[in-house]
There are 2 protein chains.
Amino acid sequence: MSFELVVLGAASATPTSNSYTTSQLLKMREHYFLIDCGEGTQKQLRRSRTKFSRINHIFISHLHGDHFFGLVGLLSSFHLLGRTTPLTIYGPPKLKEIVLTQFRAAGTFTSYPISFVVTQHKVPQVILETDSYTVNSFPLKHRIATTGFKFEEKPLKRGLNKQRADELGIPVCDYHWIKEGKDWTSDEGKVVPNAEITFDPPQPLSYAFASDTMYVPETAEYTNDVTLLYHESTFCEDKADRAKQTMHSTAKEAARVALDAGTSHLLIGHYSARYKDLDQFEKEAKEVFPHTLRARELHAYKVSEKGVQVKNLRERTHEE
Amino acid sequence: MSFELVVLGAASATPTSNSYTTSQLLKMREHYFLIDCGEGTQKQLRRSRTKFSRINHIFISHLHGDHFFGLVGLLSSFHLLGRTTPLTIYGPPKLKEIVLTQFRAAGTFTSYPISFVVTQHKVPQVILETDSYTVNSFPLKHRIATTGFKFEEKPLKRGLNKQRADELGIPVCDYHWIKEGKDWTSDEGKVVPNAEITFDPPQPLSYAFASDTMYVPETAEYTNDVTLLYHESTFCEDKADRAKQTMHSTAKEAARVALDAGTSHLLIGHYSARYKDLDQFEKEAKEVFPHTLRARELHAYKVSEKGVQVKNLRERTHEE
């Protein structure tokens, strides 16, 4: 199995004429999760040909503008498009007030219900759980209250070896238990071990988003063993002082977290506009953690047990 | 003389993959006035190669998102760029709260002072006046409190006919009064009429911005005789009912205002996304008021006594 991460914006601080601030769309187990929502996110969502109606959960890491200034515009567009499906927004305590103040001033309320789930940044917590996946928030260390988010698939049921089941004459009504891992007992009392009639299901995959944060060893604990870790890398080593001062990370620090966490892959982004050559970030990170990719806007990262496939969505989108 | 209007966004309601919501930059008498600030305005300002530091006055017509969702992002970028020059924002009463709530949540305050001037939508009022120009707000009729803005150059002093002044032996110290329109009296008591030694100064020009509004005859009174009137035209005649219902105008209604106001030129915009063919707006408006242009994004409209010159700024900007 696989999940897909679409990078909508990978710049820090302020959009430029050809870059957008942080936003990502995670497509996991048929669900669409929007993570952070910098100014212009709705434009990038359109360019990536995302159906707005498929987004039911939005996660905001913290209240610096480059991570949420596109939110109210997106919510407003949902309304104008006639959305009725409920939406849940996960974010810091003051987010609700910011959103509602603006809707109140416009004299409009949304055509769809919005629930706000308040995150808190001192301890990790489960903020969303279904039969299929779990989402945790976890503490990051930045200038204001900030959380990361971890999205984990739950294990699927075991795959049935249909051919072997037929040979043994197993009735369809027993499939349900077998897929849950139970052995099968025939009417004659013969026990067939589960391993003989099932395949291992695909490994559950996971994604963790860590932005913005200074380097802290705890991030590796919270994101332990995830398949893909996104960790901000605002600066390269030449500006390590500036990183510390602004409570951001360098590419090498991001890589150190990935190494300590034992993640399969690392994605870096949130580049300072001071850098023209973004390959430098990837180069420095790879010295510490070879399985590093750099976030490119309007690129999709398809992650499976086999690795990460990168697709440029610009090639099929209409560009101005 | 001339002024220049740069259209940054001309779409209504919601940005699409290749259009921006309302924002315009007026360059008049060396001053830069930003009028409305839809999401992504800062990106369009960069694309039009505008120096952010030259903007000292921002005017917000009303609190529907497509007219101000880009404001906080722009203010934030001013801060990140290290701005120290004071900024004045003119807009409806709740704008200040909306802006400050977001800065408070981010724990940041701007590096430069912001003054808020509250507009009120019941009567026209002078909101800014210098020796060089006057800015009025005037009432519009929309679903929420909305004002238009009128920018008027003040008359320049008369031009001195230097050659004739030399022939008459007029001393330099008298030039000041002559340029103000006074006759000149020689030491011998001979009176030279002002018209003999000066030229007429260029006519003062004016610009009025009327968005969003339904058609009301009063708009023509408030914008009487302006050189260029921008009037919203969200719909064409086929959706005249929809225009009434949403308190917007059709292209023909915009043209009727221009005709009644006796403006030299009309610029229309704020197009509904329902229309693919935007030339239709211009065609319908021209049937009523021939001197109509349609607003095109990233185009500059240079307005003088001689007419309007249109320049496509995309040709010289870097496009993604």
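The values are calculated or read from the model by the stated rules, or taken from the named source; none is laboratory data. All values reported here derive from a predicted model rather than from experimental measurement. Quick reminder, even Gly has a Cβ in these numbers, built from the backbone with ideal geometry, and neighbours come from all protein chains shown.
Results, tabulated for the structure shown:
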item	result
Subset of the range B:1-26 [among the small types (Gly, Ala, Ser), within 14 Å of another protein chain (Cβ to nearest Cβ), surrounded by fewer than 20 Cβ atoms within 10 Å (Cβ to Cβ) and not in a loop (DSSP other than H, G, I, E, B)]	B:SER19
Looking only at the range A:109-128, and only at residues there that are within 14 Å of another protein chain (Cβ to nearest Cβ) and in contact with a helix residue (DSSP H, G or I) (Cβ under 7 Å, 6 or more places away or on another chain), the one that is modelled with the highest pLDDT	A:PHE116
Some residue of the range A:30-44 being more than 7 Å from chain B (Cβ to nearest Cβ), under 22 Å from the mean Cα position of the chain (by Cα) and at positive phi	yes
Residues of the range A:81-108 satisfying the condition of being farther than 22 Å from B:PHE103 by Cα and at the interface with another protein chain (Cβ under 10 Å from one of its Cβ atoms)	A:LEU81, A:GLY107, A:THR108
Filter result for the condition that a residue is modelled with pLDDT of 95 or more, more than 12 Å from the chain's Cα centre (by Cα) and outside any strand (DSSP E or B), over A:SER61, A:SER53	A:SER53
Within the range A:47-66, considering residues that are touching a strand residue (DSSP E or B) at 6+ places or on another chain (Cβ under 6 Å) and of a type in the set (Gly, Ala, Ser), the one surrounded by the most Cβ atoms within 10 Å (Cβ to Cβ)	A:SER61
The range A:288-311 residues that are over 21 Å from A:ASP277 (Cα atoms), paired with ones that are hydroxyl-bearing (Ser, Thr, Tyr) (beta carbon under 7 Å, 6 or more apart)	A:LYS302/A:SER2; A:VAL303/A:SER2; A:VAL303/A:THR227; A:SER304/A:SER2; A:VAL308/A:TYR301
The range B:82-96, subset among the basic types (Lys, Arg) and out of contact with any helix residue (DSSP H, G or I) (no Cβ under 6 Å at 6 or more places or on another chain), residue surrounded by the fewest Cβ atoms within 10 Å (Cβ to Cβ)	B:LYS96
Single residue of the range B:197-238 satisfying the filter (in contact with a Pro (Cβ under 8 Å, 6 or more places away or on another chain) and farther than 30 Å from B:LYS179 by Cβ) that is surrounded by the most Cβ atoms within 10 Å (Cβ to Cβ)	B:TYR222
Residues of the range A:27-46 satisfying the condition of being in a strand (DSSP E or B) and surrounded by fewer than 24 Cβ atoms within 10 Å (Cβ to Cβ)	A:LYS27, A:MET28, A:HIS31, A:TYR32
Answer residue from the range A:1-33, given it is of a type outside the set (S, T, N, Q) and touching a His at 6+ places or on another chain (Cβ under 7 Å) and is farthest from B:LEU75 (Cα to Cα) among those	A:PHE33
Number of positions in the range A:129-150 that are within 14 Å of chain B (Cβ to nearest Cβ) and of a type in the set (Val, Ile, Thr)	2
Which numbered condition A:TRP177 fails, given (1) in contact (Cβ under 8 Å) with a residue 12 or more places away in the chain; (2) loosely packed, with under 15 Cβ neighbours inside 10 Å; (3) outside any strand (DSSP E or B)	(1)
A:VAL117 vs. criteria part of a strand (DSSP E or B), assigned by TED's automatic domain parsing to the domain that holds A:THR16, closer than 26 Å to A:ALA254 by Cβ and of a type in the set (Val, Ile, Thr)	no
Residue match in the range A:97-107 (condition: among the β-branched types (Val, Ile, Thr), in contact with a helix residue (DSSP H, G or I) (Cβ under 9 Å, 6 or more places away or on another chain) and crowded, with 24+ Cβ neighbours inside 10 Å)	no
Among the residues listed as B:PHE138, B:PHE69, the single one being crowded, with 23+ Cβ neighbours inside 10 Å, modelled with pLDDT of 95 or more and either closer than 29 Å to B:SER19 by Cβ or assigned by TED's automatic domain parsing to the domain that holds B:TYR222 (or both)	B:PHE69
The listed residue being in the same structural domain as B:GLY65 (by TED's automatic domain parsing), within 18 Å of the chain's Cα centre (by Cα) and without any contact (Cβ under 8 Å) to a residue 40 or more places away in the chain, out of B:LEU228, B:LEU278, B:LEU266, B:LEU259	B:LEU266
Residues of the range B:181-212 satisfying the condition of being part of a loop (DSSP other than H, G, I, E, B), more than 24 Å from B:GLU30 (Cβ to Cβ) and within 34 Å of the chain's Cα centre (by Cα)	B:LYS182, B:SER211, B:ASP212
Strands (runs of 3 or more DSSP E) wholly inside the range A:243-314 that include at least 1 residues being surrounded by fewer than 18 Cβ atoms within 10 Å (Cβ to Cβ)	A:299-304, A:307-312
Enumeration of residues in the range B:70-80 that are under 19 Å from the mean Cα position of the chain (by Cα) and either part of a loop (DSSP other than H, G, I, E, B) or at the interface with chain A (Cβ under 8 Å from one of its Cβ atoms) (or both)	B:GLY70
